[in-house]
Structures are given as C-alpha cells and as structure tokens.
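Here the structure is laid out as structure tokens; the discussion comes afterwards.
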Amino acid sequence: MRTQDLVTRLAGNLAPVPRNAVPRTLNRALMAGLAGNTALLVALYGFGSDMPEQLLTSMFWIRLAFPLAIIAAALKLTERLARPGAPSALAWLTAMAPIATMLLVAAGFQAATPPDYRLQLVVGVGWRTTTAWVVLLSLPSLATAMHALKTLAPTRLVAAGAGAGVLAGAQGLLVYSLYCPEMPVSFWSVWHVLAIAVTAGIGAAMAPQYLRW
C-alpha cells in the first residue's frame with residue numbers, strides 16, 4: 001500500500017473528540033468500579049454490624065476522608081497519564097500527599113502512645129486479612145479503570161497502570177471502610193496504605209501488556 005493511500009484511509013473517518021472526553025470516561029469508570037466494589041462487599045461480607053454506632057463517631061468520618069482524598073487526587077493523576085506527554089510530577093505529589101499526611105499523623109500517635117501499647121495499635125484485630133480484603137475489593141475498580149485507559153491514549157504504560165491502581169485501591173478502601181471495625185490511625189497507616197501500594201503494583205504489572213497500542 002502506498003503511503004498516501006494509508007494516510008487517506010487513516011484520515012478518512014476523523015471526527016472531533018468530544019470536550020472533556022477523558023474526565024468523562026474516567027468518571028464513568030470510577031462510578032462503575034464503586035458499584036462493583038460495593039456489590040462485592042455485600043456479597044462477601046455485608047456491612048459492619050456496628051455501622052450505626054460508627055456513623056456517630058468522628059473517627060469513622062476521618063477514616064472515610066482518607067480514601068476520598070486519594071480518590072480525588074488519583075483521578076486527576078490518571079487523567080494526566082491518559083494523555084500523551086501531559087506532565088504528571090505534580091499530580092503524583094498530590095496523590096501521595098494524603099498518604100504522607102496519614103503516615104506523619106500515625107507516627108505522632110505512636111510517639112505519644114506508651115511503648116507497651118504501640119504494637120497493638122498497629123496490629124489491631126484484623127491485620128492478617130485487611131490488606132488482602134482491600135485488594136480484593138479494589139479489583140472491580142481496577143478492571144474498569146484499566147479498561148477506560150485502554151480506550152484513551154496513555155504512552156507511559158507502567159505509570160498509567162500504577163496511577164489506575166492507586167485510584168482503584170482508594171476506591172476499594174472507601175468501600176471496605178463500610179465494613180472495617182478498626183479505628184486506630186496507626187492501623188490504617190500500615191495495612192490500608194499497603195493495600196493501595198499492592199493494587200498500584202498490580203496495575204503497573206498489568207499495564208505493559210493490557211494497555212499497549
């Protein structure tokens with residue numbers, strides 16, 4: 001095939017890209033992922049039996065604020081990574097800021113806690129299963145985020161997969177917060193942050209194969 005014929009075919013069906021196509025695509029993926037996460041939570045675990053009491057505590061809402069802050073920042077990060085050549089350094093810093101803040105607050109709590117009780121704050125009751133549960137609940141969101149990225153134009157595939165993983169991990173954590181009874185900040189700073197890191201790693205590992213053009 002001659003070059004001119006190829007260019008003509010490629011350019012023959014061009015249409016303008018709808019305004020805000022990238023954020024709309026990612027927002028749809030976010031909503032679909034949250035719906036899938038919630039359905040999986042209900043199917044596997046149900047909601048926490050002490051949820052009515054938790055709703056009346058300030059720590060419950062602080063715990064929800066953590067994944068919500070990451071979701072807001074990670075959504076912007078993933079939007080950047082879905083565009084060829086868009087700068088993403090500041091978006092990465094913004095996405096990591098809630099995690100860094102959580103770690104600093106947890107360090108303060110640990111320093112103020114008597115040494116004999118510090119390990120218990122970190123271990124809690126469900127340390128063996130919390131990370132795995134959050135990762136499991138994140139998988140619907142990871143699937144929808146990766147599918148959305150595949151319809152866009154990411155060129156930094158590993159970074160885009162990691163960004164989608166951070167977004168999905170935060171969504172899974174948000175839904176898991178409706179079930180988790182653990183309240184200590186030190187517990188969240190270890191096992192919840194670890195779950196987001198694992199989900200980001202899964203996204204980064206999948207991306208070179210799944211997202212390649």
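The values are calculated or read from the model by the stated rules, or taken from the named source; none is laboratory data. All of these numbers come straight from a predicted model, not from anything done at the bench. As a convention, Cβ positions derive from the backbone with ideal geometry for all residues, glycine included, and neighbour counts pool all protein chains shown. What goes into the accessible areas is simple: the full protein's heavy atoms, side chains included, and nothing from ligands, DNA or RNA. Shrake-Rupley method; radii C 1.70, N 1.55, O 1.52, S 1.80 Å.
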Computed E for R118/I62 - FRET, C-beta separation, R0 22 angstrom, nearest 0.05: 0.65
Summing -39500 (n - 2.57) over the DSSP H runs of n ≥ 4 in the chain and dividing by its residue number, what mean residue ellipticity at 222 nm do you reach, to the nearest 500 deg cm²/dmol? -24500 deg cm²/dmol
Note the full-extension length gain between L194 and A72 as 0.36 nm times their separation in residues minus their Cα-Cα distance, in nm to one decimal. 42.0 nm
Which ³J(HN,Hα) values, rounded to whole Hz and listed in residue order, are derived for region 145-153 from phi using the Karplus coefficients 6.51, -1.76 and 1.60 in 6.51 cos²θ - 1.76 cosθ + 1.60 with θ = phi - 60°, glycine and proline given as x? 5, 5, 5, 4, 4, 5, 7, 9, 9
Convex hull volume of the Cα atoms in region 23-211, per residue, in Å³? 111
Enter the angle in degrees (range 0 to 90, nearest 10) between the Cα long axis of helix 21-44 and the first principal axis of the Cα atoms of the chain, meaning the one along which they spread out most. 40
Note, region 191-206: 3J(HN,Hα) by Karplus (6.51, -1.76, 1.60, θ = phi - 60°), whole Hz, Gly/Pro = x, goes 7, 6, 5, 4, 4, 5, 5, 5, 5, 4, x, 4, x, 5, 5, 6
Placing +1 at every Lys and Arg Cβ and -1 at every Asp and Glu Cβ, with all other atoms neutral, what dipole size does the chain have around its Cα centre, in debye to the nearest 20? 980
On C-alpha positions alone, give me the angle between the axis of helix 58-81 and the longest principal axis of the chain, in degrees, nearest 10. 20
Between A111 and W213, the two model label points (7 Å from Cα along the beta-carbon direction) sit apart by a distance in nm of 4.9
Carbon and sulfur: what percent of region 133-213's accessible surface (1.4 Å probe)? 75
For a test of the definition: using alpha carbon positions, the gyration tensor, and the 1.5 limit on a/c, classify region 41-121 as rounded, prolate or oblate. oblate
For region 23-211, what relative contact order do you get, as a whole percent, if you take Cα pairs closer than 8 Å and at least 6 residues apart? 35
Along the charge dipole of the chain, Cβ charges K/R +1 and D/E -1, which of A100, Y117, L81 sits furthest on the positive end? L81
Among M183, A32, L64, whose Cα projects farthest towards the positive end of the dipole of the chain, with charges put on the beta-carbon of Lys, Arg (+1) and Asp, Glu (-1)? A32
In Å², rounded to a whole number, the accessible area per residue of region 44-186 with probe 1.4 Å is 47
